[in-house]
Ligand SMILES: C[S@@+](CC[C@H](N)C(=O)[O-])C[C@H]1O[C@@H](n2cnc3c(N)ncnc32)[C@H](O)[C@@H]1O
């Protein structure tokens with residue numbers, strides 16, 4: 001992700017259209033493409049408690065959980081109630097404030113910033129279309145592969161149709177107010193499976209709930225312990241991944 005696209009995303013999600021929607025708990029709010037196509041943002045659902053479809057995600061989480069683009073924090077709150085350690089990160093100060101007000105932990109940071117616990121998270125969540133963050137899903141997959149521990153999970157909500165699009169969008173309230181352009185992406189399960197290859201992930205389970213769809217990706221564990229024999233003849237055990245440059 002380039003510095004310009006990071007700045008554009010910070011401006012777009014940190015601005016008052018999105019902030020107002022989160023503070024009031026409702027839309028209408030959309031991502032708008034230059035040609036007028038609108039993708040509705042389900043602010044009411046994000047500001048509510050987890051629903052049955054969200055529970056299908058929670059059941060698959062193994063802690064600790066990092067919710068990337070946590071919004072108002074319904075997943076962080078639900079994980080907290082279940083005693084699973086969870087942290088939300090989001091570019092929007094209003095999203096972070098709502099998550100913290102709801103009793104969860106959250107920090108105002110980009111997923112591309114240095115983050116606490118890199119390489120130790122059991123599960124990273126990319127919900128509600130957040131695989132689109134930054135407009136470059138392969139870069140986001142490479143980044144998240146560095147956040148989880150070996151064997152860790154990425155649970156991504158995908159588009160419920162077979163798309164693989166890179167977009168330039170704005171937040172739009174449907175009443176003539178619009179924010180700045182920023183990069184976004186829409187990816188369905190087939191495209192995410194393809195992108196997983198070469199970015200450090202192994203595609204796993206795919207499931208649906210309501211009109212939403214999800215794909216689990218697993219970060220490979222170092223599979224074997226290689227024996228290396230130094231010049232003094234004594235062998236020692238070295239995890240395989242430490243012998244190569246670890247480039248997921
Ligand atoms: C489509 S909304 C998803 C909302 C959310 N999952 C929820 O439960 O409300 C995208 C969210 O990702 C956040 N976001 C966008 N770019 C980000 C980045 N680079 N790092 C962290 N969060 C980001 C936005 O501020 C916004 O809250």
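Kindly provide the set of residues from the stretch 58-77 that are more than 11 Å from the ligand (Cβ to nearest atom) and either touching a strand residue (DSSP E or B) at 6+ places or on another chain (Cβ under 8 Å) or farther than 13 Å from residue 124 by Cα (or both), ordered by number. Break it down into steps so the answer makes sense when it comes.
Kept after step one, since they are more than 11 Å from the ligand (Cβ to nearest atom), are these residues of the stretch 58-77: 58-65.
If the condition is that a residue be more than 11 Å from the ligand (Cβ to nearest atom) and either touching a strand residue (DSSP E or B) at 6+ places or on another chain (Cβ under 8 Å) or farther than 13 Å from residue 124 by Cα (or both), then 59, 60, 61, 62, 63, 64, 65 are the ones that fit.
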Requested in this report: Give the residue that is farthest from the ligand (Cβ to nearest atom), with candidates limited to residues of the stretch 85-104 that are surrounded by fewer than 18 Cβ atoms within 10 Å (Cβ to Cβ) and in a loop (DSSP other than H, G, I, E, B).
Outcome: 85
Requested in this report: Check whether at least one residue in the stretch 117-130 is touching a residue at least 12 places away in the same chain (Cβ under 8 Å), away from the ligand (no atom under 11 Å from the Cβ), farther than 23 Å from residue 221 by Cα and part of a loop (DSSP other than H, G, I, E, B), and report yes or no.
Outcome: no
Requested in this report: Would you mind stating whether residue 32 is in contact (Cβ under 8 Å) with a residue 24 or more places away in the chain, farther than 30 Å from residue 149 by Cα and more than 11 Å from the ligand (Cβ to nearest atom)?
Outcome: yes
Report task. Output the number of residues of the stretch 38-53 satisfying the condition of being within 9 Å of the ligand (Cβ to nearest atom) and part of a helix (DSSP H, G or I). Result -> 4
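Bear in mind these aren't lab numbers, they're just calculated from the coordinates by the rules spelled out. Here the structure is a predicted model, which is why all the values come from computation and not from measurement. Ideal geometry is used to build each Cβ from the backbone, glycine not excepted, and the neighbour counts take in all protein chains shown.
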